[in-house]
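Encoded as structure tokens, the structure appears first; notes follow it.
Nothing in this text is a laboratory measurement; each read-out follows from the coordinates by a stated rule. Not measured: the values here are computed from a predicted model. Neighbour counts are summed over all protein chains in view; Cβ atoms, including those assigned to glycine, are modelled from backbone coordinates with ideal geometry.
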Amino acid sequence: MTAPRIRNATGDSFFAWEGDVLIVNILGKPASNRDAIGKPKGTQLKVSVTAAPQAGKATDHMVRFLAPLFGVPVSHIEVVFGRENVNKQLRIKAPTRLPAVFLQTVEQELIG
């Protein structure tokens, strides 16, 4: 019996909505000079953090960095996979704000 295949919940984008939950694919860059959201790269969004990549500490730091940018408490961000990997997927419950890169992407999709 083969293992079930993980579906790409975001399709051709780095993010998708599932009800009030925002699903985001992340390409993490630990041990950076600063915490920052970068540009989309294919179906992932680059996110740099200053924390070192040790036992998921960089991912934990990333979640704490992203929570206020989405207007949610840390407890509303779930790491679906990739806690100890640069490739990750997050589920953000009911964000009240969106960083500019999300709005720019939606705007580009609407324009064509």
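A few comments on the model shown:
- Within the set (1) 112; (2) 99; (3) 120, the number that volume of the Cα convex hull per residue in Å³ takes when calculated for this structure is listed as (3).
- An ellipsoid equivalent to the range 30-90, defined through the eigenvalues of its Cα gyration tensor, has semi-axes of 15, 14, 13 Å when rounded to whole angstrom and sorted largest first.
- Model label zone, Ala9; criterion: amide N under 13 Å from point 7 Å along Cα-to-beta-carbon; scope the range 59-84: 77-82
- Net +/- balance of residues flanking Lys93 in space, Cβ distance below 15 Å, scoring K and R +1, D and E -1: -1
- Counting every other Cβ atom within 10 Å of each residue's Cβ, Arg97, Arg34, Arg64 order from fewest to most as Arg34, Arg97, Arg64.
- Size of charge dipole - the range 52-92 - debye, nearest 20, with Cβ of Lys, Arg +1 and Asp, Glu -1, no other charges: 20 debye
- Extended-chain gain in nm, criterion 0.36 nm per residue less alpha-carbon gap, Asn33 and Ala55: 5.9 nm
- Relative contact order (percent, whole number), the chain, Cα cutoff 8 Å, 6+ residue spacing: 24 percent
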